[in-house]
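Enquirer: Let me give you the structure first, and then I'll get to my questions.
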Amino acid sequence: MIVTTAELFSVAYGQFAVGAYNINNMEQALGLFQGHVRAQAPFIIQISKGARKYAGVMMLEAILRACDATFPEAIYAVHLDHGDEQTCYECIASGFYSSVMIDASHEPFEHNAAVTRRVVERAHARGVSVESELGLLGGVEEHVNVDQKHARLTDPDEAQAFVAQSGCDSLAVAIGTSHGAYKFTGNQSLHLERIAEIQKRLPGFPLVMHGSSSVPKGEVERINAAGGKLDPSARGVDEAEFARAVPLGVAKVNIDTDGRLVWTRVHREHFRDHPENFDFRKPGEALIKAYADFIVQKSKALLSAGRLPHVRAALTVKSGP
Ligand code: G3H
Ligand code: 13P
Ligand code: ZN
């Protein structure tokens with residue numbers, strides 16, 4: 001059943017983080033639902049502008065409606081990832097989305113707060129909640145390429161002022177992560193002390209961690225052993241840090257790259273081991289299974305596994321999809 005993101009956060013805050021995964025096609029969606037039902041974990045489905053363009057808005061909605069009917073036990077919200085103002089308005093008007101992200105973090109504070117405020121006004125009128133971002137993550141996003149040296153951690157005082165001024169419902173904070181497979185060098189890791197400072201200024205307010213894939217070394221090695229050419233020094237977020245971030249107010253953790261690595265590993269190994277195959281359902285079946293296993297393991301790290309009965313009791317159903 002589809003629920004509002006705000007409701008999910010109200011149950012999750014301080015207890016567990018809701019995993020937010022980007023979806024582009026049917027196989028990913030089936031693995032995502034199967035894995036979460038098996039893990040008994042609530043989740044957030046993220047749809048990026050790129051996904052809307054790739055699969056088409058109607059196709060993605062149809063896939064999710066079919067999953068909703070196939071997996072009646074699942075509890076999830078549907079979220080626009082890294083939206084611009086216009087795409088936020090389209091998603092709010094569609095009635096299909098539980099929440100939207102307006103990403104104007106590359107703009108100056110005042111501009112970012114003003115755009116967010118406009119989106120909040122339209123979203124709240126339709127019962128949709130809004131995630132905004134303050135600070136600059138490193139790495140590559142769909143519409144903006146942020147060099148590591150220009151990445152900027154979120155300032156706690158600015159975060160407090162931004163939430164008051166913009167009226168957003170959750171805030172993506174820059175605390176050392178970046179998008180993609182190459183996040184950290186040397187002994188860099190998450191700035192948990194910065195999250196703690198932000199939480200002090202915004203007690204009870206849900207924080208969001210983008211760029212949270214862990215880029216498992218074993219996965220990179222398997223991809224390269226099957227013909228891939230990923231940089232073996234690729235490194236992501238240590239999954240053990242999720243449990244430390246949860247009490248500090250991190251309620252949503254965005255993961256996309258790790259799912260792409262699962263896709264790449266499954267397909268490379270399949271065609272290496274079965275060069276005679278040309279039936280796309282064979283790697284498709286392997287992907288659904290591997291993706292579901294990946295979700296079960298992530299849900300444990302996010303502390304969201306086993307929470308469904310409690311979440312179901314606490315939530316009301318949003319109409320749709
Ligand atoms: O942060 C962005 C996500 O990884 C989505 O990627 O925009 O290529 O769909 P995408
Ligand atoms: P990763 O690239 O670490 O998976 O981050 C995904 C993300 O932040 C989507 O918004
Ligand atoms: Zn992101």
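Enquirer: Name the pairs whose Cβ atoms lie under 8 Å apart, with the first residue in the stretch 1-29 and under 28 Å from Arg281 (Cβ atoms), the second acidic (Asp, Glu), and 6 or more positions between them or separate chains?
Expert: Tyr21/Asp256; Asn22/Asp81; Asn22/Asp256
Every residue, every condition in (1) touching a Phe, Trp or Tyr at 6+ places or on another chain (Cβ under 9 Å); (2) away from ligand 3 (no atom under 16 Å from the Cβ), yes or no:
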{"site": "Val246", "(1), (2)": "yes, yes"}
{"site": "Thr257", "(1), (2)": "no, no"}
{"site": "Val262", "(1), (2)": "yes, yes"}
{"site": "Val266", "(1), (2)": "yes, yes"}
{"site": "Ile288", "(1), (2)": "no, yes"}
{"site": "Lys300", "(1), (2)": "no, yes"}
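Enquirer: Quick check, is Phe280 under 20 Å from Gly31 (Cβ atoms), in contact (Cβ under 8 Å) with a residue 60 or more places away in the chain and not basic (Lys, Arg)? Outline the logic, then answer.
Expert: On the way: under 20 Å from Gly31 (Cβ atoms): yes; in contact (Cβ under 8 Å) with a residue 60 or more places away in the chain: no; not basic (Lys, Arg): yes.
Against the criterion (under 20 Å from Gly31 (Cβ atoms), in contact (Cβ under 8 Å) with a residue 60 or more places away in the chain and not basic (Lys, Arg)), Phe280 does not qualify.
Enquirer: Let me spell it out: the conditions are (1) within 26 Å of Phe16 (Cβ to Cβ); (2) in a loop (DSSP other than H, G, I, E, B); (3) within 16 Å of ligand 2 (Cβ to nearest atom); (4) of a type outside the set (Ser, Thr, Tyr), and Ala104 meets all of them except one. Which number is the exception?
Expert: (1)
Enquirer: Which one is farthest from ligand 1 (Cβ to nearest atom) among residues in the stretch 12-26 that are buried (at least 20 other Cβ atoms within 10 Å of the Cβ) and more than 18 Å from Met209 (Cβ to Cβ)?
Expert: Filtering first and then ranking leaves Ile23.
Enquirer: Could I ask something else about it? Mind listing just one residue for me: the one in the stretch 104-117 that is without any contact (Cβ under 8 Å) to a residue 40 or more places away in the chain and crowded, with 16+ Cβ neighbours inside 10 Å and, of those, farthest from Ala172 (Cα to Cα)?
Expert: Checking each candidate, the answer is Val115.
Enquirer: Something else about it: Kindly indicate the residue of the stretch 135-186 that is assigned to a loop (DSSP other than H, G, I, E, B), more than 12 Å from ligand 3 (Cβ to nearest atom) and polar (S, T, N, Q) and also modelled with the highest pLDDT among those meeting that condition.
Expert: This residue is Thr154.
Let's see how each residue does on (1) closer than 18 Å to Tyr21 by Cα; (2) surrounded by 18 or more Cβ atoms within 10 Å (Cβ to Cβ):
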{"site": "Ala251", "(1), (2)": "yes, yes"}
{"site": "Ile255", "(1), (2)": "yes, yes"}
{"site": "Glu276", "(1), (2)": "no, no"}
{"site": "Lys282", "(1), (2)": "no, no"}
{"site": "Ile288", "(1), (2)": "yes, yes"}
{"site": "Ile295", "(1), (2)": "yes, yes"}
{"site": "Lys300", "(1), (2)": "yes, no"}
{"site": "Pro309", "(1), (2)": "no, no"}
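Enquirer: Filter the stretch 246-260 for residues that are more than 16 Å from ligand 1 (Cβ to nearest atom) and either in contact with a helix residue (DSSP H, G or I) (Cβ under 6 Å, 6 or more places away or on another chain) or charged (D, E, K, R) (or both) and give the result.
Expert: First, pick out the residues of the stretch 246-260 that are more than 16 Å from ligand 1 (Cβ to nearest atom): 246-251.
Answer for the stretch 246-260, where residues must be more than 16 Å from ligand 1 (Cβ to nearest atom) and either in contact with a helix residue (DSSP H, G or I) (Cβ under 6 Å, 6 or more places away or on another chain) or charged (D, E, K, R) (or both): Leu248, Gly249, Ala251.
Enquirer: Lys229 fails exactly one of the following numbered conditions: (1) away from ligand 2 (no atom under 15 Å from the Cβ); (2) touching a helix residue (DSSP H, G or I) at 6+ places or on another chain (Cβ under 6 Å); (3) assigned to a loop (DSSP other than H, G, I, E, B). What is the number of that condition?
Expert: Exception for Lys229: condition (2).
Enquirer: Only helices (runs of 4 or more DSSP H) wholly contained in the stretch 8-84 count here; list those with 2 or more residues that are over 24 Å from Ala305 (Cβ atoms).
Expert: Numbers: elements: 26-39, 49-55, 57-70.
Passing ranges, in order: 49-55, 57-70.
Enquirer: List the residue pairs whose Cβ atoms are under 6 Å apart, where the first residue sits in the stretch 246-260 and is assigned to a loop (DSSP other than H, G, I, E, B), the second is within 13 Å of ligand 1 (Cβ to nearest atom), and the two are 6 or more positions apart or on different chains.
Expert: Hits for this filter: Asp256/Asn22.
Enquirer: Just to be sure before I move on: is Phe242 aromatic (Phe, Trp, Tyr) and either surrounded by fewer than 21 Cβ atoms within 10 Å (Cβ to Cβ) or closer than 19 Å to Ala104 by Cβ (or both) in the structure I sent? Even if it seems obvious, please write down each step before you answer.
Expert: Working: aromatic (Phe, Trp, Tyr): yes; either surrounded by fewer than 21 Cβ atoms within 10 Å (Cβ to Cβ) or closer than 19 Å to Ala104 by Cβ (or both): no.
Judged against the criteria, Phe242 is not a match.
Enquirer: On to the next question. Please find, among Gly306, Gly227, the residue that is away from ligand 1 (no atom under 16 Å from the Cβ), out of contact with any Gly (no Cβ under 7 Å at 6 or more places or on another chain), in contact (Cβ under 8 Å) with a residue 60 or more places away in the chain and more than 30 Å from Gln160 (Cβ to Cβ).
Expert: On the way: Gly227 fails: in contact (Cβ under 8 Å) with a residue 60 or more places away in the chain.
Sole residue among the options that is away from ligand 1 (no atom under 16 Å from the Cβ), out of contact with any Gly (no Cβ under 7 Å at 6 or more places or on another chain), in contact (Cβ under 8 Å) with a residue 60 or more places away in the chain and more than 30 Å from Gln160 (Cβ to Cβ): Gly306.
Enquirer: Out of (1) in contact with a helix residue (DSSP H, G or I) (Cβ under 7 Å, 6 or more places away or on another chain); (2) over 29 Å from Leu30 (Cβ atoms); (3) crowded, with 20+ Cβ neighbours inside 10 Å, the odd one out for Arg235 is which?
Expert: So the condition that Arg235 fails would be (1).
The values are calculated or read from the model by the stated rules, or taken from the named source; none is laboratory data. As the structure is a computational prediction, the values presented were derived from the model and not from experiment. Please note: Cβ atoms are built from the backbone with ideal geometry, for glycine as well, and neighbour counts cover all protein chains shown.
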